[in-house]
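Some notes on the structure that comes next.
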Amino acid sequence: MARPRKFSEQEVLATAHRLFNETGYHGTSVDDLSRATGLSKGSLYGAFGDKEAIFQRVFEQYCATSEQGAAAMLEGPEDQALDRLRKWLTAPDDHTGRPGCLLAKATAELASENDAIATRSLATHETLLDSCRRLVEQAQRAGHLDPAADAEVLGGLILTTHRGLEALAKAGVDAKTRNRIADAAIDSIALPVS
């Protein structure tokens with residue numbers, strides 16, 4: 001009978017997530033993971049498999065959480081859809097130097113060499129695009145956006161702005177500046193308030 005584990009898988013994965021976010025997949029060694037988690041290499045391999053398997057678990061969790069967050073944006077009255085889009089783009093605080101988005105980081109680093117990462121990244125981005133499109137459609141039905149505008153294109157504009165604002169945050173651009181950009185993005189597509 002196998003001995004019960006004396007560690008939390010979720011805590012180990014959270015630590016691995018932080019490390020992969022800070023140093024990237026290629027910049028993170030199994031020794032780094034072992035030191036950061038406090039587990040021996042044997043324990044890591046026994047519980048999770050090799051470094052790629054650990055990364056796949058972390059990446060899958062991150063993508064699933066991102067998709068759930070996007071789906072949650074769809075909940076609420078249609079007349080508040082534009083506000084939910086604005087809130088999604090708006091920085092909650094002035095933390096700079098954040099680790100950034102693991103989805104963007106992994107896509108840039110690994111999608112060209114790892115089919116599983118490329119496939120999962122594309123699926124997540126498509127889900128995020130769909131959620132943005134649906135929010136735009138809600139705002140159109142509420143009379144806050146031009147009903148003749150292409151909802152898919154506007155949704156793509158919102159997602160692209162979100163990704164860009166994450167990169168600016170990572171670069172250290174302050175929240176006030178990022179929020180002015182977010183407001184300008186939303187205001188540029190919103191119908192004038194009468």
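Helix 115-141 against the longest principal axis of the chain: what's the angle in degrees, Cα atoms only, rounded to the nearest 10?
In the chain, helix 115-141 runs at an angle near 30 degrees to the longest axis.
Kindly flag which residue pairs out of K87/K176; K87/K170; K41/K170 have an alpha-carbon separation exceeding 24 Å in this structure.
From K87/K176; K87/K170; K41/K170, over 24 Å: K41/K170.
About the Cα centre of the chain, how large is the charge dipole given +1 on each Lys and Arg Cβ and -1 on each Asp and Glu Cβ? Please answer in debye to the nearest 20.
Charge dipole, the chain, about its Cα centre: 700 debye, nearest 20.
Per the 1.4 Å probe, what fraction of the accessible area of region 43-194, in percent, lies on carbon and sulfur atoms?
Whole-percent figure for carbon plus sulfur exposure: 54.
I need the shape label for region 142-184. Rule: rounded when a/c is under 1.5, else prolate if a/b > b/c, else oblate, with a, b, c from the alpha carbon gyration tensor.
Verdict is oblate for region 142-184.
Rounded, prolate or oblate for region 105-194? Axes are the square roots of the Cα gyration tensor eigenvalues, ordered a ≥ b ≥ c, and the cut-off for rounded is a/c under 1.5.
Note, shape of region 105-194 comes out oblate.
Which value in nm describes the separation of the simple spin-label points at E22 and S43, placed 7 Å from the Cα toward the beta carbon?
A separation of 1.9 nm, rounded to one decimal place.
How high is the FRET efficiency from V173 to D50, r the C-beta distance, R0 45 Å, rounded to 0.05?
0.75
In nm, to one decimal, how far is the modelled label at D83 from the one at S188, with both set 7 Å along Cα→Cβ?
2.5 nm
At 0.36 nm per residue, minus the direct Cα-Cα distance, what do S8 and R180 gain on full extension? Give it in nm, one decimal, please.
57.8 nm
With a Förster radius of 25 Å, plug the Cβ-Cβ distance of A108 and A149 into 1/(1 + (r/R0)^6) and report the FRET value to the nearest 0.05.
Between A108 and A149 the formula returns 0.25.
Length gain on complete extension for the stretch D115 to E60, per 0.36 nm per residue less the alpha carbon to alpha carbon distance?
Gain in length upon complete extension: 18.4 nm.
For L145, which sequence-distant residues (separation of 5 or more, or a different chain) have an amide H within less than 5 Å of its own amide H, given hydrogens modelled in the peptide plane?
So L145 has HN proximity to Q140, L191.
Please compute the Cα-Cα pair-distance distribution of region 5-121 with 5 Å bins starting at 0, giving whole percents from short to long.
Histogramming region 5-121 at 5 Å steps yields 2, 10, 19, 19, 17, 14, 10, 6, 3, 2, 0 percent.
The values are calculated or read from the model by the stated rules, or taken from the named source; none is laboratory data. Only a predicted model underlies this, so the values are computations on that prediction, with no experimental measurement involved. Quick reminder, even Gly has a Cβ in these numbers, built from the backbone with ideal geometry, and neighbours come from all protein chains shown. For accessibility, only protein heavy atoms count, side chains too; no ligands or nucleic acids. Shrake-Rupley method; radii C 1.70, N 1.55, O 1.52, S 1.80 Å.
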